[in-house]
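One structure is given below, encoded as structure tokens.
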Amino acid sequence: MIIFPCVSPLFTLLLFAVSTGSASPIGVPDLQQCELAMDASPTDPTMTLTLNCCLPIPSHKPRVFSFHKYKSKPRVRQAAHTVSDDYIAKYTRAYELMKALPDDDPRSFHTQADIHCAFCNFAYSQAGNGSVPLQVHFSWLFLPWHRWYLYWHERILQSLLGDPTFALVFWNWDDQRDGGNVMPAMFVPNGTALYDMNRNQNNLPPALVKLRPTTTGNDSAIVNQNLNDMYQDVVTATTAELFMGGAYRTGTDLSNSTVLDAPLGGTIEDGVHNGVHFWTGDPNLPLVQDMGTFTTASRDPIFYAHHSNVDRLWDKWKYDLPGGRRADHDDSDFLDAEFYFYDETASLVKVKVRDALDNSKLGVSYPTVAADELWVNYDPPVVSNGSAVPLARDAGIATIGASPENGTIFLGSSWSAIVKTPSSPRPTTSKATVLVIQGLEVTRQSFVSLTAFINHPYANTLTDTSSAEYIGSFNIIPTANVKHRHLTANVKFEIGDNMQRVGIAQEPEVVITMAVTGVEPISIQGLLIDYE
């Protein structure tokens, strides 16, 4: 561990004391205890980088956020491909000013990028459990942490410009009709403050974004598969756990989990969010930098536009989808989780999740996007004919149950199983019929994508995913931290909508197929279909 002895003992006690209580919410870490990231390339030519993402330690006691202390002017974040040349010039100037600050200034672009690296790449340990690294991905922390990150990043840019109404743009890659589904032109010109050299040069405009990076086909096929990715990841994910991710409390360890306590990322994170990260990064670099790995993703200014759209889609999921308003988690361990950020005066601020759940209180809003209607109302076609279970059984495909009866199952490039559905009718209190891929294990040295289908026993990595048989994707971003590359996770997909569309909602068994793209081996412990 690296120790930074640059503050008084009394201040250290006030700022960095680790709680000895038994509370479960994630708390702010001890910034004096920071670990370097060791980035080792898994392929030839081998290389190892040591990355210091440790954050500046302030000389004053941290502030505690309140809406009274931090008033915000109302502002509207616009789609990146719609803003004027004048706004692009202002936006570019904002990042020029941020990049001109000294690296050790908490407001600098260098430190802003390190914030994401530090809390997404295990630089710090959890408060209250120093043996477990802190991570803000793969759980219910993902959306609120990144919302806070954008909020403070935006306030710093406002301050540098002297314009409290300045707002970030959003890259609405989900727009498959009106021009949003290409890399925004404002980020493309070389030599500006919005440019990043570490991007996939094959994916510059007019190349269409592939929300599932392994998508194949012509532009029309890509558009339809993108629409279904959005439909599956946002519309059918009706519960907070499915969309936002599952519980992450003090003691949750991503690297040493079991089926019972494995973390759960939400569909928005593990699906289209991770997909765009990988699509944007440079595949010729060891970890698909910059956007393709959490360590360096925020070094690309397009990162903040990407996450503005993720943030917009959180609001869309809550307030503007068929069936009425959807609810965030209400668990106190979620609401009381705490983070550190820097404000526009370079002061450290402590925030809680509960204060980030209403964007209007933060002064942030988004315009109505007409093209949303295409994925919200997407009607995926059915390509199968009746239950595929008899065909699968004749082909020797086995019945697989819940953990622990199966042992460890290695998936290979394509793997199918027959899975029993619940024997009792769905309770009236249940919102979703859920497939649980239990105990998925992978070493995150390189990008891996798992694509899941129902009633499609011969699906593979090249199968079109615009159909009702496509369940969703679990896209796994590599990590630079050698010590924490192992991931055990439970992966969940809502499949009730798929079963209804395909006409197998009353079947006692269904066929589940998983196709894997990438070189990292993936294993699972079981499959379970249940009501939630």
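So the values come out like this:
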read-out	value
Highest to lowest packing among 397-409, 59-71, scored as the average C-beta count within 10 Å	397-409, 59-71
Cα lying deepest toward the dipole's positive end in the range 94-244, options ASN172, GLN112, ALA240, charges on Cβ	ALA240
Where Rh is the Kirkwood radius over Cα pairs, Rg/Rh for the range 192-303	1.03
Chymotrypsin sites (Phe, Trp or Tyr not before Pro) restricted to the range 444-473 and DSSP loop, no more than 14 other C-beta within 10 Å	TYR458
Relative contact order computed over the range 424-532 (Cα-Cα under 8 Å; 6+ residues apart), in percent	51 percent
Cα centroid of the range 353-387 to Cα centroid of the range 403-443, whole Å	26 Å
5 Å-binned pair-distance histogram of the range 92-167 (Cα, whole percent)	3, 15, 20, 21, 16, 12, 8, 3, 1
Kirkwood Rh in Å, taken over the range 323-390 so that all alpha-carbon pairs contribute	17.0 Å
Calculated diffusion of the range 241-295, Stokes-Einstein form, Kirkwood radius summed over Cα pairs, 20 °C and 1.002 mPa s, µm²/s	169 µm²/s
Most positive-pole-ward Cα, VAL382, GLY407, SER365, against dipole of the range 344-454 from beta carbon charges	GLY407
Three semi-axes of the equivalent ellipsoid, the range 414-531, Cα gyration tensor, whole Å, largest first	27, 16, 11
Lys, Arg +1 and Asp, Glu -1 on Cβ, resulting dipole of the range 244-372 about Cα centre, debye, nearest 20	220 debye
Filter on LYS352/LYS492; LYS71/LYS318; LYS69/LYS350; LYS71/LYS99 - keep pairs with C-alpha separation over 19 Å	LYS352/LYS492; LYS71/LYS318; LYS71/LYS99
Over the chain, volume per residue of the alpha carbon convex hull, in Å³	147 Å³
For the range 255-266, 3J(HN,Hα) per residue [Karplus equation, 6.51 cos²θ - 1.76 cosθ + 1.60, θ = phi - 60°, Hz, x = Gly/Pro]	8, 9, 9, 10, 4, 6, 10, 5, x, 9, x, x
Point-charge dipole on Cβ atoms (K/R +1, D/E -1) for the chain, about Cα centre, debye to 20	920 debye
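Every read-out reported here was derived from the displayed coordinates using simple, explicitly stated rules and does not represent laboratory data. Since the model is a prediction, treat every value here as computed from it, not as a measurement. Every residue, glycine as well, gets a Cβ built from its backbone with ideal geometry; the counts of neighbours run over all protein chains shown.
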